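The values are calculated or read from the model by the stated rules, or taken from the named source; none is laboratory data. Only a predicted model underlies this, so the values are computations on that prediction, with no experimental measurement involved. Heads up, the Cβs are rebuilt from the backbone with ideal geometry, glycines too, and the neighbour counts pull from every protein chain shown. The protein model used for the area step is the full one, side chains on, heavy atoms only, and it has no ligands, DNA or RNA in it. Shrake-Rupley method; radii C 1.70, N 1.55, O 1.52, S 1.80 Å.
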Amino acid sequence: MERTVMSTPKGFRLGAHICHVIRQLPVTAMILAMATLISTVFFHFSNNVINISLIFIVAIVFIARATNCYTVGILASLYGVFWVNFAYTFPYMTLDFTLSGYPITFIGMALISTLVSSMTIHEAKQNQLLQEKDHMLMEAEKETMRANLLRAISHDLRTPLTTILGTSSTLMEHGENLSCAERRKMAQNIYSDADWLLHMVENLLSITRIQDERGVAHVKKSEEPVEEVVSEAVQRFRRRFPDALVTVTVPEEFIVIPMDATLIEQVINNLLENAYYHAGSDLPIELSVTLNGPDAAFTVKDHGKGIDPQLLGTMFEGGTLKRGTGTDAHKGMGIGLSICRTIVAAHNGQISAGNHENGAEFTFILPDWRKDYGA
């Protein structure tokens with residue numbers, strides 16, 4: 001099979017280059033005009049041609065930085081050489097390279113100007129290439145995070161959906177052969193899984209709420225009392241899990257932190273839910289708020305199996321969370337933890353996970369308002 005290779009005609013490339021040069025001419029002309037004016041004023045008080053040559057070399061450096069075009073830089077270099085010879089070298093208003101010493105001087109100036117221009121433009125292009133490379137790496141990292149999130153979604157949503165389908169199928173086909181208690185238990189399982197799916201959808205919608213079309217996270221903050229935010233989050237968690245035990249510790253002083261209260265409540269709920277599902281313990285979950293200098297640190301601590309140390313470095317990337325040596329077949333927490341990190345990062349904060357001697361703990365820190373507003 002023949003393959004057709006499309007190539008850009010040389011005439012088209014030349015035309016595009018000429019158009020690029022023309023677009024750079026206004027900036028070049030402005031800088032050269034300023035250099036000419038400064039040189040004329042300087043020449044009025046001093047006849048030192050070498051210093052005037054340095055003024056044009058500096059102008060050529062500015063042109064190279066402003067235009068990023070080799071052709072413009074070379075044209076500016078030639079203009080500087082010929083204009084110094086024409087306007088500031090005796091005999092004035094005449095091009096004359098035959099005087100003793102002048103040919104070498106002007107050839108040297110032309111070489112220096114051209115080399116400086118080329119080196120400056122080359123450096124600018126290298127910086128541009130590095131910026132483009134960094135941008136590509138950031139895009140690749142975002143694509144990796146999206147892929148991890150999609151894998152987590154497919155895993156975390158498949159299990160409760162399969163359970164709902166299997167349980168509802170059993171009820172429809174064999175419901176008359178089941179006892180009232182068994183049917184009630186199955187209905188309770190369906191409700192529990194459906195409620196978890198609804199909570200997961202809320203988590204996913206929060207991502208679209210805080211990310212713009214470029215995928216950059218941002219939130220609208222307002223000063224919120226920390227105690228009220230924690231109280232509302234815990235009440236919301238207890239409504240979903242009436243049997244869960246949670247102890248709350250907050251500082252006695254009144255703390256106000258700029259935040260999106262709804263999103264921070266969701267972070268606290270996700271961490272509490274994580275501890276409830278995966279700790280494997282009936283001991284109370286501890287939620288505490290402490291002051292770390294001007295910042296507020298929120299910690300959720302459970303007394304259970306802890307976290308596999310191999311997962312500590314990747315658990316916020318959207319993968320499935322497995323605690324201890326067992327496998328959490330019911331529900332993963334990968335999406336929830338990934339969303340926690342996104343929300344906290346949008347608040348210019350930090351989140352971390354670790355193990356203490358009796359279980360796992362998660363901590364996120366919200367910065368003081370002076371860091372946000374530059375006070």
Seminar exercise, completed: Among ALA64, ALA59, the single one that is at pLDDT below 75, under 42 Å from the mean Cα position of the chain (by Cα), surrounded by 19 or more Cβ atoms within 10 Å (Cβ to Cβ) and closer than 27 Å to GLN126 by Cα is ALA64
Problem set entry | Leading residue by the ranking (modelled with the highest pLDDT) among those in region 30-56 that are surrounded by fewer than 17 Cβ atoms within 10 Å (Cβ to Cβ) and of a type in the set (Ser, Thr, Tyr) | THR40
For this session: Output the qualifying pairs, or none if there are none: Cβ atoms under 6 angstrom, residues six or more apart or on different chains, first residue in region 297-316 and over 26 Å from VAL250 (Cβ atoms), second residue open to solvent by 50 Å² or more (accessible area, probe 1.4 Å).
Result: LYS305/GLY280
Exercise. Out of all the residues in region 276-297, is one or more closer than 20 Å to ALA353 by Cβ, outside any strand (DSSP E or B) and among the charged types (D, E, K, R)?
Worked result: no
For this session: Select from region 257-276 the residues that are without any contact (Cβ under 8 Å) to a residue 40 or more places away in the chain and touching an Asp or Glu at 6+ places or on another chain (Cβ under 7 Å) and write down the one among them that is surrounded by the most Cβ atoms within 10 Å (Cβ to Cβ).
Result: GLU265
